[in-house]
Amino acid sequence: MISKLKVKRTIRIVFILIFIAIIFALIGIYILLSKNVSKKTKATSNEGISIALQISKQVVKKGEETTVLVSGSSRGQIRVIGYLGTLIFDKNKFQVKDIQYKLGVVSKDLGNETASLSAVNELGKVYLQGEIQSAQGHILSGPTDIASVVFIASEEARPQFNFTNIKFYRINIDNSLTETSSDDVDSSKQTNTVSLKMKLKLQGFVPKAGKTVSVKVKLGGGGLITPTAYQTVLFSSGQDGVWTGAANFDIPAGENYYVLIKGGKHIQRKICDLNPTETGVKPYHCSAEKLNLVAGENNIDLTGILQFTGDLNLSTGQDGGVNSADFSLINKAINSKIPIDAATIEQGDVNFDGGIDSQDFSLMNKTMELGINKDEE
Ligand SMILES: [Ca+2]
Ligand SMILES: [Ca+2]
């Protein structure tokens, strides 16, 4: 009797243990499965196509044209057979003049074409739908042009566009078809890394290699509503007296920009050309904000003009003009009976020769004579 009861109890314990083991195994399988699923979701979003809008002209006057280029890129290779998306524009400011499909051809009777512009301009929407006319599709990897739309301005405006409801039809390895969406694009929020490689000359500087100087640089106009903040850029001098420096700005690439450049002892200059020039009697002036800045490297050669001295970095800082406070430091130093301290020399030695004398005074005087004794804005 006792032994029978013992056997029954042991069997019950074994069953309970097996039951617990099964529960744990099920939990384990569930965790493993859910991990796999989340990995897949992540992988899919990494393989998407990201869209960019490139606008040729950032500010347009009435009657002028600007072109929007829609391009896509993906990190991996994606075989695309078709695509669609809606380009939304302000119909009060712009009218579409031309639509070009760059990837494949328009899907007949589905995508808008130049022939169907009246409806497009009435709605303020360009419905782009295109397809690749080969069973293999198009392998999209690096940046790829998709479509371009030419707009004509009805009034002076800054072109801004939204591209929404973007879908791509892709062919998978097993030849099945998948529809994938891409993120909406707002052109006013798009930026590029615009890097400036700059060369400049400082008024009165006797060529000497290996010197460094801090120069403030900022950008305005173009696709910016307000100018950027100043960046302090370290310039180094070469044997030829040319100073070189570089800075990166995250801004929308495009036309109609200007650069403001302000040396540590200098008047700010406004630059609207990649290679501005001037003569000794007629200083360069920005006539129109027309600098075209591209994504990537931009070479700005300012060796055809000078950075004029005179706005010294006094204890109160630079005040944007050459005036009595600046001259007062120079005069005091020149007339001083005792040797002047290093800090004062650093402030007033505008030709970088290690001292303050009549040469520094006449350089500043020259700036006054040329009539460019105030920061250009
Ligand atoms: Ca000053
Ligand atoms: Ca000097």
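Pick from LYS125, LYS337, LYS262: which is most flexible by mean-square fluctuation in a GNM of the chain where alpha carbon atoms under 10 Å apart are linked?
LYS337
Shape of the range 49-189 from its Cα gyration tensor (a ≥ b ≥ c, root eigenvalues): rounded if a/c is under 1.5, otherwise prolate when a/b > b/c, or oblate?
Working: a/c = 2.48, a/b = 1.82, b/c = 1.36.
The shape class here is prolate.
If the limit is 19 Å between Cα atoms, which of LYS201/LYS262; LYS197/LYS218; LYS218/LYS290; LYS201/LYS332; LYS93/LYS270; LYS208/LYS374 go over it?
LYS201/LYS332; LYS93/LYS270; LYS208/LYS374, as the Cα separations exceed 19 Å there.
Would you mind giving the average projected area, over all directions, of the Cα convex hull of the range 163-246 in nm² with one decimal?
Computing the convex hull of the Cα atoms and averaging its projections yields 10.1 nm².
If you bin the C-alpha pair distances of the chain every 10 Å from 0, what whole percents do you get?
4, 18, 19, 15, 13, 11, 8, 5, 3, 2, 1, 0, 0
Enter the mean projected area of the convex hull around the alpha-carbon atoms of the range 192-370, in nm², rounded to one decimal.
Details: hull surface 41.1 nm².
Computed as one quarter of the Cα hull surface, the answer is 10.3 nm².
Once you sort the root eigenvalues of the Cα gyration tensor of the range 275-320 as a ≥ b ≥ c, which label holds: rounded (a/c under 1.5), prolate (a/b larger than b/c) or oblate (the other case)?
Judged from the Cα gyration tensor, the range 275-320 comes out oblate (a/c at least 1.5, b/c at or above a/b).
Identify which of ILE11, ILE171, ILE49 has the largest mean-square fluctuation in a Gaussian network model of the chain, with springs joining Cα atoms closer than 10 Å.
With Cα springs under 10 Å in the chain, the top fluctuation among ILE11, ILE171, ILE49 is at ILE11.
By the scheme Lys and Arg +1, Asp and Glu -1, what is the net charge of all other residues having a beta-carbon under 11 Å from that of LYS197? Mind showing how you got there, number by number?
On the way: positive: LYS199; negative: GLU297, ASP301.
Result for the neighbourhood of LYS197: -1.
Could you grab the relative contact order for the chain? Cα pairs under 8 Å, six or more apart, rounded to a whole percent.
Once divided by the residue count of the chain, the mean separation gives 14 percent.
Leaving out same-chain residues fewer than 8 places away, which aspartates and glutamates sit with a Cα under 16 Å from that of LYS91?
List returned: GLU64, GLU65, GLU122, GLU155, GLU156.
Since every read-out is calculated from the coordinates, none of them should be taken as a lab result. Not measured: the values here are computed from a predicted model. Methodologically, a virtual Cβ is constructed for each residue, glycine included, from the backbone with ideal geometry; neighbour enumeration extends over all protein chains shown.
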